[in-house]
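The values are calculated or read from the model by the stated rules, or taken from the named source; none is laboratory data. All figures in this text were calculated on a predicted structure; none of them were measured in a lab. Methodologically, a virtual Cβ is constructed for each residue, glycine included, from the backbone with ideal geometry; neighbour enumeration extends over all protein chains shown.
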Amino acid sequence: MPESLKSFINISDLTEKQLYDLFDIADSMQEILDKKEPCDICKGKILATLFYEPSTRTRLSFECAMLRLGGKVLGFSDASGSSVSKGESLADTIRTVAGYSDVITLRHPHEGSARVATLYSHVPIINAGDGGHQHPTQCLLDLYTILKKKNTFAGLNVMISGDLKFGRTTHSLAIALGRLGANLYFASPPGLEMPDYIIHQLESDLHVQPIIFHDLREHIGIADVVYMTRVQRERLGEMEYLKYRGSYVLGNETLHETKSDAIILHPLPRVGEIKPEVDADPRAIYFEQAYNGVPVRMALIATLLGVI
Ligand code: CP
């Protein structure tokens, strides 16, 4: 069982041991899923999903995870249908929903919102994405997927591509992989580079020197993991979005340049960065990656609730 974990806001909240413990629990959750038998690990517990921003995978896989654990779910997928539309503060919403649930999953457009929520909650808070900052549970399933395919992180060449400025999944993943000994390659259009605070953390705290470049194909031939992301339209002006849209596209032509045993990941949704023709390639495992959100989030929920 992982050491005590109160909330999960940032991937750096977890020690390396806690991370591997969670992956072991996720493996056992997968065994439960494979059996297709009722499970009562979280019987009597309620997960709240408060999503102030759109989501398919994160919200539904959290809900699926809790239902598979035998618990129940409540929440909103559109804050406009809640009292947020009347002007209720995040603090008051959290205070209220903490009384209705045992664990809260929060997606919010403001960076730092999940950390703020912990100040007003007596139940665990899970950060399901705070603005362009972090997406730590996506990071967990990204790492889990890499580990299942590659058995290690140390020495892997991981190329993280796309909108690295606003792509919160890339921030969490870069820090985690830096800690775990991977070699990092950051490919982005000029203007959408990885934020300075992430580079600083990698270089100064973790003594990792990422390779930074702009041509997607420059280093794709040595990548063991190619992690594609979309341009974050919701965090850019429309003109800027149109400027960057379609700047990085992975099709079969580029795929030919990758290693035969590379894996292609994407947190999804994709909006043109990976052509559908790539889907049939065995290296393209982004839907398996999205599925892994279920056992990983089951492990996280059970751990935070102290029921495993
Ligand atoms: N990867 C991810 O966060 O997807 P959703 O926005 O659909 O939740």
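Some observations on this one:
- All positions within segment 44-84 that are hydroxyl-bearing (Ser, Thr, Tyr) and assigned to a helix (DSSP H, G or I): 58, 61, 80, 83
- For residue 28: the one exception among (1) surrounded by 16 or more Cβ atoms within 10 Å (Cβ to Cβ); (2) not in a strand (DSSP E or B): (1)
- Helices (runs of 4 or more DSSP H) fully within segment 196-308 that include at least 3 residues being free of Cβ contacts under 8 Å to residues at least 12 places away in the same chain: 196-200, 238-244.
- Residues in segment 167-193 that are over 11 Å from the mean Cα position of the chain (by Cα), part of a loop (DSSP other than H, G, I, E, B) and farther than 16 Å from residue 206 by Cα: 6 in all.
- Qualifying residue in segment 222-243 (condition: among the β-branched types (Val, Ile, Thr), modelled with pLDDT under 95 and within 16 Å of the ligand (Cβ to nearest atom)): yes
- Subset of segment 49-81 (residues that are in contact (Cβ under 8 Å) with a residue 12 or more places away in the chain and more than 16 Å from the ligand (Cβ to nearest atom)): 68, 69, 70, 71, 72, 74
- Hits in segment 157-170 - residues which are of a type outside the set (A, V, I, L, M) and either more than 13 Å from residue 185 (Cα to Cα) or touching a Leu at 6+ places or on another chain (Cβ under 8 Å) (or both): 161, 162, 163, 165, 166, 167, 168, 169, 170
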